[in-house]
Amino acid sequence: MPRNAPEVFHRGSSDWFSQFWDSCVADKGAGFISPAGAALSGGLPNVLAVQAMFLVSLRDEMRGRVNDVDINGAHHELADPDDNDLQAIWDALMVRLLTIPGDQTLFADVFPGKTLGFEHAAMAIAAFETEAYTFVDSPWDKYVGGDNQAFSAAEKRGALLFSGSAKYANYHSGPPLTDQEHHIIGVP
């Protein structure tokens, strides 16, 4: 894929309002914008869960091509739905997930009594990424939180350089260390 994959650190933070290099998934305050438009399932809690709905729908990312076979040589049904029929893709994904006995149990435990759709899997993916890749007690977090002893003298000089003459903080600010805007910097 001709793209740069974003890092996943701190992406579950409520400070994030966009995902993807072009912000095609974003929280505009009154709801999410996404490639699905009005077809996006309701009830998704954040942009991390919304973005999880899409990578699985792209052939080059995860879905595969028509006539692909699985590891056992069987028909690969996830490639069958039309590329523009996101709901059919999500339905096929959920059917496959629910054929796994362990997944059936886990989904039933986390979403009791719910009619399961892929939005539930997206929420589970987002919850995993949040839990696994959110760190809130780094020396930086402690320093920004007021603990002046969290940084050594050299680290404090680096922080001053970062926020001062080097001007990195103009674009790498706030807890997510980004302004989440798009900047042309001459790097593909």
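Looking at region 57-100, which of its residues are among the β-branched types (Val, Ile, Thr) and either assigned to a loop (DSSP other than H, G, I, E, B) or surrounded by 14 or more Cβ atoms within 10 Å (Cβ to Cβ) (or both)? Before you say what the answer is, go through the steps one by one.
First, pick out the residues of region 57-100 that are among the β-branched types (Val, Ile, Thr): 66, 69, 71, 89, 95, 99-100.
Across region 57-100, the qualifying residues are Val66, Ile71, Ile89, Thr99, Ile100.
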Residue pairs within 6 Å by beta carbon, gap of at least six or interchain, first lying in region 17-37 and part of a strand (DSSP E or B), second surrounded by 11 or more Cβ atoms within 10 Å (Cβ to Cβ) and of a type in the set (Val, Ile, Thr), listed first then second, are Gln19/Val25; Gln19/Val47; Val25/Val47; Val25/Val50; Ala26/Ile33; Asp27/Val47; Phe32/Val50
Checked region 146-160 for anything without any contact (Cβ under 8 Å) to a residue 12 or more places away in the chain and closer than 20 Å to Val136 by Cβ; matches are Gly146, Asp147, Asn148, Gln149, Ala150
Residue under question is Lys114, and the condition is that it be basic (Lys, Arg), surrounded by fewer than 17 Cβ atoms within 10 Å (Cβ to Cβ) and part of a helix (DSSP H, G or I); does it hold?
no
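Quick one: how many residues across region 123-137 are part of a helix (DSSP H, G or I) and either at pLDDT 90 or above or farther than 12 Å from Val8 by Cβ (or both)? Explain how you work it out, then say what you get.
We begin by selecting, within region 123-137, every residue part of a helix (DSSP H, G or I); these are 123-133.
Next cut, either at pLDDT 90 or above or farther than 12 Å from Val8 by Cβ (or both) only: 123-132.
The qualifying residues number 10.
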Practice task
Restrict the check to region 144-165 and report whether at least one residue is exposed (fewer than 11 other Cβ atoms within 10 Å of the Cβ), modelled with pLDDT of 80 or more and under 23 Å from Val47 (Cα atoms).
Solution key: no
Q.
On the basis of being in a helix (DSSP H, G or I), surrounded by fewer than 12 Cβ atoms within 10 Å (Cβ to Cβ) and among the acidic types (Asp, Glu), does Asp109 make the cut?
A. yes
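The values are calculated or read from the model by the stated rules, or taken from the named source; none is laboratory data. The model shown is predicted, which means the values in this text are computed figures rather than measured ones. All Cβ positions, glycine included, derive from the backbone under ideal geometry; neighbour counts span all protein chains shown.
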